[in-house]
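The values are calculated or read from the model by the stated rules, or taken from the named source; none is laboratory data. Please read these numbers as outputs of a predicted model, since none were measured by experiment. Positions of Cβ are backbone-derived with ideal geometry, glycine not excepted, and every protein chain shown enters the neighbour counts. Heads up: the accessible areas ignore ligands, DNA and RNA and are worked out on the full protein's heavy atoms, side chains in. Shrake-Rupley method; radii C 1.70, N 1.55, O 1.52, S 1.80 Å.
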Amino acid sequence: MKDIVMIRSVSVKNAVKDALEVFQFDQWLRFYFVVEKGDELRIEMPEEELDKIKETHPALHRFADMVNNAVTDYKRSQENVCSYVASRLDGQKYEATVLPQVFDNATFKVEMYIFNVWLKMHEQHLDEEYMNFEGWMEMYAEWNALDEVVEYRTKLLESGTDPQFPTCETTQ
């Protein structure tokens, strides 16, 4: 039997994109599927939604399945995202040296900051009616392509401004 050699990517740019998607997906989950039970917040995603995610985003389905019906708060959410990114991307899709670079990467930090600005600016609109993850990402992409957003991102990156958002302390 021959040994199968897995080729892992060393692209920090691609790893940034993949990690961002998980953080964005987590935001979407918490935006639409958090319910209050007693004094706890829980993620409760209906089976139909889980099935749709399984079809459209198989890798993200694993994350949704992991956090579904679980207690959540900001700290747990951050830990879940970081551990998921570490377990699914670090050493599997990317060389072990890549992911530690992602969370310190200026582009990652700026993109997370920009996404959170979008979320805050559009929260009322997003809250008016349910939008699937693809819809969120399409709306974000349109906003993200606006000249003023592109200019703002460029200024942040050129200035070296570090929005410090978010951090992953999970061992990669």
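Quote the charge dipole size of the range 9-61 about the Cα centre in Debye, to the nearest 20; the model charges only the Cβ of Lys and Arg (+1) and of Asp and Glu (-1).
About 360 debye.
At a 1.4 Å probe, what is the % contribution of carbon and sulfur to the accessible area of the chain?
Carbon-and-sulfur percentage of accessible area, whole number: 50.
Exceeding 29 Å between C-alpha atoms, which entries from my cross-link table qualify? They are K37/K93; K13/K75; K13/K37; K93/K120.
K37/K93; K13/K37; K93/K120
What ³J(HN,Hα) values, in whole Hz, does the Karplus curve 6.51 cos²θ - 1.76 cosθ + 1.60 give for the range 71-78 when θ = phi - 60°, with x put for Gly and Pro?
5, 9, 7, 4, 5, 4, 4, 4
Keeping every protein chain present and rolling a 1.4 Å probe, give me the accessible area per residue for the range 42-120 in Å².
Each residue of the range 42-120 exposes 48 Å² on average to a 1.4 Å probe.
Once Rh for the range 96-161 is found with the Kirkwood sum over Cα pairs, what is the Stokes-Einstein diffusion coefficient at 4 °C and 1.567 mPa s, in µm²/s?
Translational D for this selection: 97 µm²/s.
Grab the alpha carbons of the chain, take their convex hull, and tell me the volume per residue in Å³.
It comes to 147 Å³ per residue, whole-number rounded.
I'd like the accessible area for V117, computed on protein heavy atoms only with a 1.4 Å probe and all protein chains in place. Round to 10 Å², please.
In the full protein context, V117 sits at about 40 Å².
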